[in-house]
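Where a number appears in this text, it was derived from the coordinates with a stated rule and is not lab data. Bear in mind that the values here come from a model prediction, so they are computed numbers and not experimental data. Here Cβ is always computed from backbone atoms with ideal geometry, including for glycine, and neighbour counts include all displayed protein chains.
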Amino acid sequence: MTARSMRSLSGALKSLFSNRLSRPPPAQYGGRHTVTLIPGDGIGPELANHVRELFRFCCVPVDFEVVNNVPGVVECLKIITKTKSLRIADYAFRTARAKGRRRGTRNTGKSIANRNTANPTAMLLASCLLLDHLKLRAYAAMIRRGVLSTVSETRLHTADLGGQGSTSEVVQSIMHAVQSTGPRTLST
């Protein structure tokens, strides 16, 4: 395939998917969005609470409906095919073996759950992707700036990044960074 035809195909696919998949559901109840939150296990519930706390602090127009975990029940959203899942798993195991590991594990952080030591940045940045999807880009940008400021300027890190900060301290620092950049309510 030529570079020109690749660009043409890429453009066609981009417009197809952007029209179909990136359109957020209509906001209801005075411009607010209702979003389902599945906290999972391990550090998931702790980090989900910090996302809710930060959204409240930033006056993000999102209401969470929480799905509680039921012991013995596996919750799953099928988002890819079995073939692609097996391809990803095969790649992960081959990479682990190449790096000298004998097995691959799915770590949900159970060993550090509820100890206030989990790094919240990935969950908070993932929540910004949600806000982008809902076209709440100003809120997403505000939270991203706060995360970036905390990680790079104040250099407050949790133990996994070589620091001594707690989860709560990192979130509080992000809130402080957000507060120092201006008003928490936005018209966009």
### Message
Can you tell me the length gained on complete extension of the stretch residue 107 to residue 83, counting 0.36 nm per residue apart and subtracting the Cα distance?
### Response
6.3 nm
### Query
Can you sort 59, 128 so the residue with the fewest Cβ neighbours within 10 Å comes first?
59, 128
#### Entry: Gyration tensor (alpha-carbon) shape descriptor, the range 108-170, a/c threshold 1.5
oblate
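Counting pairs of alpha carbon atoms under 8 Å apart in space and at least six apart in sequence, what relative contact order in percent does the range 30-180 give? Don't skip to the answer; put the middle values down first.
On the way: 155 pairs, mean separation 36.1, N = 151.
Over the range 30-180, the number comes to 24 percent.
Any number yet on Rg/Rh for the range 30-180, C-alpha, Kirkwood?
Result: Rg/Rh = 1.00.
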